[in-house]
Each structure stands twice: as structure tokens, then as C-alpha cells.
Amino acid sequence: MNASELRDKTPDQLREELTNLKKEAFNLRFQQATGALENTARMRQVRRDAARVKTVLNEKAQQAAE
């Protein structure tokens, strides 16, 4: 997922995507705690994707305020 793909989405779609990423991050943390996590790099990827979504949401909010 890259920022240009996210900028094409509506704020509602971005919020839904952020919710899904947060749920996935929680599940990955739970798997890591129980020792069932196989792909540890996915945690970093999900965290960064969530940050990208938040950044784009803030950009859209700032544009709407202007």
C-alpha cells in the first residue's frame, strides 16, 4: 500500500482501512505473545501502513479546513 493509492480513497474508506489495520496489529501482537507469529516483518508493515493512513487523513482534513 502506498500513499498515492490512499489519496484516491474517501475519508470514510480511510477510517475503515485504519480500523482494519489496528485490528490486524492487535492480532499480530497477540500471536507474538503466544509464540504463534510466523512473519514478524508483518508487524512493522502494518504499523507503517496505519501511519500512512493517518497521514493521508490528516492531509485531507487540513485541505478541508482551508
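The values are calculated or read from the model by the stated rules, or taken from the named source; none is laboratory data. Values in this document were obtained by computation on a predicted structure and should not be read as measured data. All Cβ positions, even for glycine, are placed from backbone atoms using ideal geometry, and neighbour counts span all protein chains on display. Each accessible area value is taken on the protein alone, full model and side chains, heavy atoms only, with ligands, DNA and RNA left out. Shrake-Rupley method; radii C 1.70, N 1.55, O 1.52, S 1.80 Å.
Some observations on this one:
- Selected residue [among the basic types (Lys, Arg), touching a helix residue (DSSP H, G or I) at 6+ places or on another chain (Cβ under 9 Å) and open to solvent by 70 Å² or more (accessible area, probe 1.4 Å)] from 54, 60, 23: 54
- The set of residues in region 26-49 being within 23 Å of residue 59 (Cβ to Cβ) and either open to solvent by 60 Å² or more (accessible area, probe 1.4 Å) or of a type in the set (A, V, I, L, M, F, W, C) (or both) consists of 44, 45, 46, 47, 48.
- Note on region 14-39: among residues that are acidic (Asp, Glu) and free of Cβ contacts under 8 Å to residues at least 12 places away in the same chain, the one that is nearest to residue 4 (Cα to Cα) is 16.
- Inter-residue pairs, beta-carbon under 7 Å, first closer than 13 Å to residue 9 by Cα and in region 40-66, second aromatic (Phe, Trp, Tyr) and exposed (fewer than 10 other Cβ atoms within 10 Å of the Cβ), 6+ apart: none
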